[in-house]
Amino acid sequence: MNKTFLLFKAFLLLLLSTTTLFSQQSVKSPHGDNLNFACETCHTEADWHNVPSWKFNHDQTGYPLVGDHSTLKCFACHTDLHFNRVGIACMDCHTDIHKGEFGNRCEDCHNAVNWENRQEIFDQHFQTDFPLIGVHANLDCESCHINEQGRQFVNLSVECQSCHLTDYMNTLSPSHQKAQFDLNCQNCHLANVSTWDRAVFEHSQTFPLTGGHAGIECADCHTNGFGGTATDCYSCHRTEYEQSSEPNHLLFGFPTVCENCHDGISWERSSFDHFAESGFALEGAHKTALCVDCHVNNQLSGLERECFGCHVQDFNTTEDPDHVANNFDHNCESCHNQNAWEPADFDHNQTDFPLTGAHRTTLCADCHTDGYTNTPADCWSCHENDFNTTEDPNHVVNNFDHACETCHSTNAWEPAEFDHNQTEFPLTGAHITANCADCHTQGYQVALALDCYSCHESDFNSTQEPNHQVNNFDHNCETCHSTSAWEPANFDHAATDFPLTGAHMTTNCADCHVSGYTVQLPTDCWSCHDNDFNLTQDPNHVNNNFDHDCTQCHNTSAWEPANFDHSATEFPLTGAHMTTNCADCHTQGYQVQLATDCYSCHDNDFNSAQDPNHVNNNFDHNCETCHSTSAWEPANFDHSATEFPLTGAHMTTNCVDCHTQGYQVQLATDCYSCHDNDFNSAQDPNHVSNNFDHDCMQCHSTSAWEPANFDHSATEFPLTGAHQTVNCATCHTQGYQVQLSIDCYSCHENDFNSAQDPNHVTNNFDHNCETCHSTSAWEPANFDHSATEFPLTGAHQTVNCASCHTQGYQVQLPND
């Protein structure tokens, strides 16, 4: 058993045996003079020897127990009963294996939670000249920080060679020494790869490795070492150049600039730009032709560029058609293309005779019977026999023009179609389907008249309903008839002085034109409808001396029903007036001028009204102030047109509740004039004793006297947080007329003085409470450390304030 613990136990037994003495005189604590804690802070009466770990709050000492410290037994640090005899520096307990190289700042890398915090070590290492990345991040510290002198953590070289010189010397493929490679290892080796063997040299700086070069071994090119290696293709590919036979590079004297034809993918994949080098683009079958097919006898220059130069044999041997006999132009591309000599295609559209219709499928020899020169381009030259043999109609007898395209197209000789629209008489209606011979009875050379009567004289003379001759109708047939047919006929009355509308449109013509169509009829209604006018009784048109302008009430649809447009008068009808019988107002006839004001008709309604009494209240005779034409009741007075628009509860209040002395007495528009009783009787708070302003709208609205709401945001102290739900009297203890201070301390002085963690008075904290507290609540409080010279980051954010401020918050702490 620990000797110290035995001494402590013996001391406790001594204390128990002398209880009476201890109770009569002061006792000196075995824990030292400076331990100012009462015994019950740690001990209990039940068991003095067994001190529960939770009894003592170590935070009170200024050294909170966190991390691994929180699980230690007290005697792990306090080796004797004098608990003040213990250091608080890390090195007081922990041996410094770094031999003082880092000073005494253990907390830079270590913490009480985890002595070996690898992440913190990484973070610290990133602040040095050698961040840990790649394989270095997985090494133990001793892998680099142990040398012949032992452990060394500072002043180590960060050059690769300082650790990897042995790797450099032992590498044979390739031998770094023989190749005299630079000792700057990171040119090829990267810290983020797992082994030394995975080297990556950035070849693009000198000779980018692309295509076929990308997959070959270094030694394939660097046969004589890595220095002075040529970068031109010929230096490595001279053998391929000299052995190439198709084409023979030596025989043709090709330049040794290999990249003119070859790329970095393979030697065989040649890409010679024939157009750029010779001016002759390879297209069609030329693209797949062998070079020697054109460059016979290894001739590179002086070759014929025109088609005929190579294809003269094809030209001379072609029989269908015979190019030589027909003296064809040597411009082969007129019919041939570079894909093949056959099939050939001549573009007839480029000549004076583009091929259309049946000509497109006709064999060339069918037209070019005498060869391909001087072939006529007009139709008649080829179709003379068709012209002469046509009988319906006979082209020769009718002396038709030889311009065949007037009726025929290139699709076929038949059917033929003459475009009559190109003449002075375009065909429309039934004329389109009429047989040509029906009109052209004397042949097509005789000019026909263009007017209708010339052909339709018999129709004109034989028509009986109406008789065209008796009525002396004009011979201008299209006035009533169209080309669709002689019947039915339709006269456009809209072109006269009397367009037909309504029932007139279906009336038989003879009903109006009783004396024939040449007699001029009047266009006014009364001339035809005088009998209707004279017989009408409701109302009697004659007695009322109505105007003969029937259109004022009647329309062409029918004599009845009739409708007079009152809106054209000085009194347009609206509301209930629209359905009122005319005679209800026009009691003395329609010639008597009626007044247009409401009172003239509704004086009885005005005089008999009791709620309110219009006469006693001396109301204006302007009835529309409250009434509308819809009905006398209900009535509605527009209060918004006065100086006191109605809002809230006022809108549903009975008028007499306010107008108690009648409607002629001018009422005040301020709230207090009506609500003085509400003001004087209010107790929570008492408006009179608090000398409140009579401007009720500061707290009340027209919706109701209660609930009331004072807008504190309009004062110098807007309410936020918990202040919004605090009862007004809680702050205004001396009434609402006493001006309150707006600083926090004035109200929260007691909170300030009673605060213990930390003690605000002892620490001489500033009275500016909002530095740490908000209006939401006094607790929890939060001090914004980022506003100081030492913003909290990392683990500092979760450290208890007292852990650092061990001597109080007024002592300035270093920020290093």
- Can you pull out the residues in the range 332-353 that are surrounded by 13 or more Cβ atoms within 10 Å (Cβ to Cβ) and under 21 Å from HIS408 (Cβ atoms)? HIS348, PHE353
- Task: Restrict the check to the range 509-519 and report whether at least one residue is without any contact (Cβ under 8 Å) to a residue 40 or more places away in the chain, open to solvent by 90 Å² or more (accessible area, probe 1.4 Å) and of a type in the set (Val, Ile, Thr).
- Result: yes
- Index of the failed condition, GLY103 passing every other in (1) touching a residue at least 60 places away in the same chain (Cβ under 8 Å); (2) on the phi > 0 side of the Ramachandran plot: (1)
- Query: Which residue, of ALA199, ALA230, is in a loop (DSSP other than H, G, I, E, B), open to solvent by less than 60 Å² (accessible area, probe 1.4 Å) and either under 30 Å from LEU139 (Cβ atoms) or touching a Leu at 6+ places or on another chain (Cβ under 6 Å) (or both)?
  - Reply: ALA199
- Considering residues of the range 184-196 that are open to solvent by less than 70 Å² (accessible area, probe 1.4 Å) and of a type in the set (A, V, I, L, M) only, the residue modelled with the lowest pLDDT: VAL193
- Note on the structure: Only one of ALA112, ALA137, ALA89 is within 57 Å of the chain's Cα centre (by Cα) and farther than 29 Å from ALA199 by Cα, namely ALA112
- Can you spot a residue in the range 357-364 that is part of a loop (DSSP other than H, G, I, E, B), out of contact with any strand residue (DSSP E or B) (no Cβ under 8 Å at 6 or more places or on another chain) and among the aliphatic types (A, V, I, L, M)? yes
- Of all residues in the range 152-188, which are under 25 Å from GLY228 (Cβ atoms) and touching a Ser or Thr at 6+ places or on another chain (Cβ under 9 Å)? GLN177, PHE181
- State all residues of the range 554-598 that are in contact (Cβ under 8 Å) with a residue 12 or more places away in the chain, within 30 Å of MET505 (Cα to Cα) and either exposed (fewer than 11 other Cβ atoms within 10 Å of the Cβ) or not polar (S, T, N, Q) (or both); if no residue qualifies, say none. HIS554, ALA558, TRP559, PHE564, ASP565
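So that you can scan it fast, the table gives a plain yes or no per residue for (1) farther than 20 Å from PHE752 by Cβ; (2) touching a Gly at 6+ places or on another chain (Cβ under 8 Å); (3) part of a loop (DSSP other than H, G, I, E, B):
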residue: PHE765; (1), (2), (3): no, no, yes
residue: GLU770; (1), (2), (3): no, no, no
residue: PHE783; (1), (2), (3): no, no, yes
residue: SER786; (1), (2), (3): yes, no, no
residue: PHE790; (1), (2), (3): yes, no, yes
residue: GLN797; (1), (2), (3): yes, no, no
residue: GLY808; (1), (2), (3): no, no, yes
- Test each condition in (1) open to solvent by 70 Å² or more (accessible area, probe 1.4 Å); (2) assigned to a loop (DSSP other than H, G, I, E, B) for ASN531 and report the one that comes out false. (2)
- Query: Taking the stated definitions as given, is ARG269 among the basic types (Lys, Arg), at pLDDT below 80 and loosely packed, with under 14 Cβ neighbours inside 10 Å?
  - Reply: yes
- Message: Report every pair of residues separated by at least 6 positions or lying on different chains whose Cβ atoms are under 7 Å apart, first residue within the range 226-243 and without any contact (Cβ under 8 Å) to a residue 40 or more places away in the chain, second open to solvent by 70 Å² or more (accessible area, probe 1.4 Å).
- Response: CYS233/GLU259; GLU242/LEU250
- Item | Of the criteria (1) assigned to a loop (DSSP other than H, G, I, E, B); (2) open to solvent by less than 90 Å² (accessible area, probe 1.4 Å); (3) at pLDDT 90 or above, which one PHE679 fails | (1)
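The values are calculated or read from the model by the stated rules, or taken from the named source; none is laboratory data. The structure presented is a predicted model; accordingly, all values stated were derived computationally and were not measured. Note: ideal-geometry Cβ built from the backbone for every residue, glycine included; neighbour counts use all protein chains shown. Just the protein is used for accessible areas: all its heavy atoms, side chains included, with ligands, DNA and RNA removed. Shrake-Rupley method; radii C 1.70, N 1.55, O 1.52, S 1.80 Å.
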